[in-house]
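Chemist: Sharing a structure, written as structure tokens. Questions coming.
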Amino acid sequence: MTVRQGVDVEKLDAFRGFLEDNPDKGQLGLEVRAVYEGQAGRSTVHIGKYSLDGEEIDRETRHYTIPFGAWREVEELLGMEGPTDRMEPVEMALAATAACVVNALTYNAARLGIDTEKVEVTIRENVDPRVLFALREPTEHTSCLGSLEIDVKVGGEISDEELETLQSLASYSPVYGLVAEPIQVNHRVTRA
């Protein structure tokens, strides 16, 4: 057994082989639920069950509840009663992107024998809230969302060739793809 960065590389390669040989297998079904708290801009998001190849997995230890809103200073500007500091949705999307880039880099670095002692991903974004407040149309999202600046720092004895490999692997993150590529989004609003 070869373990690199806490991963059994043989098992990782076997999983990759399974995915390659079974293009219709290995699918993850994900679901989150946001519940409005009765005050504009505030919701509680629930993360829990998921499915692997159609088999539902629902463990109590996977149930997470996250309060969303905005920053105290912004809530004060918006006239919110009882302003508080909460996680802001765009920040969480950036956080998920950063974490997923770490995943893409470290799983593949372990597999390829690249010894990354440290990986730190910083993402910067400027957000213009005009679409959120219906001052611009949804077709103008890109004008309100600048460009993501992703800075990855890798520590360890990394050769220039390995650094190039890591550069290319950063974009293999599924969340990176979620924010970088146009994907189909369908929504509907119905009565509860």
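Chemist: Has the range 182-189 got at least one residue that is more than 22 Å from the chain's Cα centre (by Cα), not assigned by TED's automatic domain parsing to the domain that holds VAL101 and not in a helix (DSSP H, G or I)?
Modeler: Yes; the residues of the range 182-189 include at least one that is more than 22 Å from the chain's Cα centre (by Cα), not assigned by TED's automatic domain parsing to the domain that holds VAL101 and not in a helix (DSSP H, G or I).
Chemist: Collect the residues in the range 149-162 that are surrounded by 12 or more Cβ atoms within 10 Å (Cβ to Cβ) and at pLDDT 90 or above, keeping them in residue-number order.
Modeler: ILE150, VAL152, VAL154, ILE158, GLU162, listed by residue number.
Chemist: Identify all residues within the range 66-116 that are of a type in the set (Phe, Trp, Tyr) and either farther than 17 Å from GLY177 by Cβ or not in a helix (DSSP H, G or I) (or both); write none if there are none.
Modeler: Hits for the range 66-116 are PHE68, TRP71.
Chemist: I've got another one for you. Considering only the range 137-148, state which residues are surrounded by 11 or more Cβ atoms within 10 Å (Cβ to Cβ) and of a type in the set (Ser, Thr, Tyr).
Modeler: Within the range 137-148, SER143 is the sole residue that qualifies.
Chemist: Quick check on my filter: what residues within the range 88-139 are under 28 Å from VAL3 (Cβ atoms), in contact (Cβ under 8 Å) with a residue 60 or more places away in the chain and among the hydrophobic types (A, V, I, L, M, F, W, C)?
Modeler: Those that are under 28 Å from VAL3 (Cβ atoms), in contact (Cβ under 8 Å) with a residue 60 or more places away in the chain and among the hydrophobic types (A, V, I, L, M, F, W, C): ALA96, ALA99, CYS100, VAL101, ALA104, LEU105, ALA109, ALA110.
Chemist: Kindly indicate whether GLU55 is over 30 Å from VAL154 (Cβ atoms) and not assigned by TED's automatic domain parsing to the domain that holds VAL154.
Modeler: Considered against the rule, which asks whether it is over 30 Å from VAL154 (Cβ atoms) and not assigned by TED's automatic domain parsing to the domain that holds VAL154, GLU55 comes out as yes.
Chemist: May I ask you to verify whether VAL74 is more than 30 Å from LEU169 (Cα to Cα), assigned by TED's automatic domain parsing to the domain that holds ARG33, surrounded by 12 or more Cβ atoms within 10 Å (Cβ to Cβ) and under 19 Å from the mean Cα position of the chain (by Cα)?
Modeler: The answer is no for VAL74.
Chemist: Output the number of residues of the range 1-19 satisfying the condition of being loosely packed, with under 10 Cβ neighbours inside 10 Å and under 24 Å from the mean Cα position of the chain (by Cα).
Modeler: 1
Chemist: What about VAL45, is it part of a helix (DSSP H, G or I), β-branched (Val, Ile, Thr) and farther than 20 Å from TYR172 by Cβ?
Modeler: no
Chemist: Looking only at the range 124-135, decide whether some residue is touching a strand residue (DSSP E or B) at 6+ places or on another chain (Cβ under 8 Å) and surrounded by 10 or more Cβ atoms within 10 Å (Cβ to Cβ).
Modeler: Scanning the range 124-135, I find at least one residue that is touching a strand residue (DSSP E or B) at 6+ places or on another chain (Cβ under 8 Å) and surrounded by 10 or more Cβ atoms within 10 Å (Cβ to Cβ), so the answer is yes.
Chemist: Sticking with this one: If a residue has to be surrounded by 13 or more Cβ atoms within 10 Å (Cβ to Cβ) and aliphatic (A, V, I, L, M) to count, how many in the range 41-71 make the cut?
Modeler: Result for the range 41-71: 4.
Chemist: Still on this structure: Among the numbered criteria (1) over 29 Å from GLY69 (Cα atoms); (2) touching a residue at least 40 places away in the same chain (Cβ under 8 Å), which single criterion is violated by GLU164?
Modeler: Of (1) over 29 Å from GLY69 (Cα atoms); (2) touching a residue at least 40 places away in the same chain (Cβ under 8 Å), only one is false for GLU164: (2).
Chemist: Could you run through the range 107-123 and say how many residues are crowded, with 17+ Cβ neighbours inside 10 Å and touching a strand residue (DSSP E or B) at 6+ places or on another chain (Cβ under 6 Å)?
Modeler: 5
The values are calculated or read from the model by the stated rules, or taken from the named source; none is laboratory data. These numbers come from a predicted model, not from an experiment. Virtual Cβ from ideal backbone geometry, glycine too; neighbours counted across all protein chains shown.
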